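Read through the structure below, which is laid out as C-alpha cells, and then see the notes.
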C-alpha cells in the first residue's frame, strides 16, 4: 500500500464523495481541496478509481491531481501524524 495526495484547485463535491465512498477508512482530509489516501497501485490507478480519469479521458470527478508520497516531514496536528504512522506500512 502507498500514500497519495489528491489535490483539487477548488472544492469538488463529486470528488470528495467518491473518495469517501472508495476509501471510507483510508482517507484523511487535509482541507476541502486536499486529501491523503492509502491505496494499492499507482497514481494512475487511483486517478481512475476516484474518477478523475475514465477510459483515458477526463472523468466525472475531474479536475484533480494525484501524487504519490515517498516521505513526509513537517509540523502538523497530532491526528495527522497518527494517521500517517498507522497507514504508512
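Each reported figure results from applying straightforward, stated rules to the coordinates on display, with no laboratory input. Since the model is a prediction, treat every value here as computed from it, not as a measurement. Neighbour counts run over all protein chains shown; Cβ positions are idealised from the backbone, glycine included.
Just a few scattered comments:
- Between 0 and 90°, nearest 10: helix 78-87 axis offset from the chain longest Cα axis: 70 degrees
- With the helix formula -39500 (n - 2.57) applied to DSSP H stretches of n ≥ 4, the chain reaches a computed 222 nm mean residue ellipticity of -8500 deg cm²/dmol.
- Per-residue extension of 0.36 nm, minus the Cα-Cα distance of residue 58 and residue 84, leaves a gain of 6.4 nm for this segment.
- Label-point gap, in nm, between residue 77 and residue 5 - each point 7 angstrom along Cα→Cβ: 1.8 nm
- When you restrict to C-alpha pairs under 8 Å that are six or more residues apart and normalise by the size of the stretch 2-87, the relative contact order lands at 37 percent.
- Semi-axis lengths, Å, the stretch 2-87, gyration tensor of Cα atoms, sqrt of 5 times eigenvalues: 22, 14, 11
- Fewest-first ordering of 61, 42, 33, 77 by other beta carbons within 10 Å of each residue's beta carbon gives 77, 42, 33, 61.
- Put in line by how crowded their Cβ is, counting other Cβ atoms within 10 Å and starting with the fewest, 88, 83, 35 read 88, 83, 35.
- Degrees, to the nearest 10: 13-22 long Cα axis against longest axis of the chain: 70 degrees
- Ordering 70, 43 from the fewest to the most neighbouring beta carbons within 10 Å gives 70, 43.
- Estimated inter-spin distance, residue 65 and residue 21, nm [label 7 Å along Cα→Cβ]: 2.6 nm
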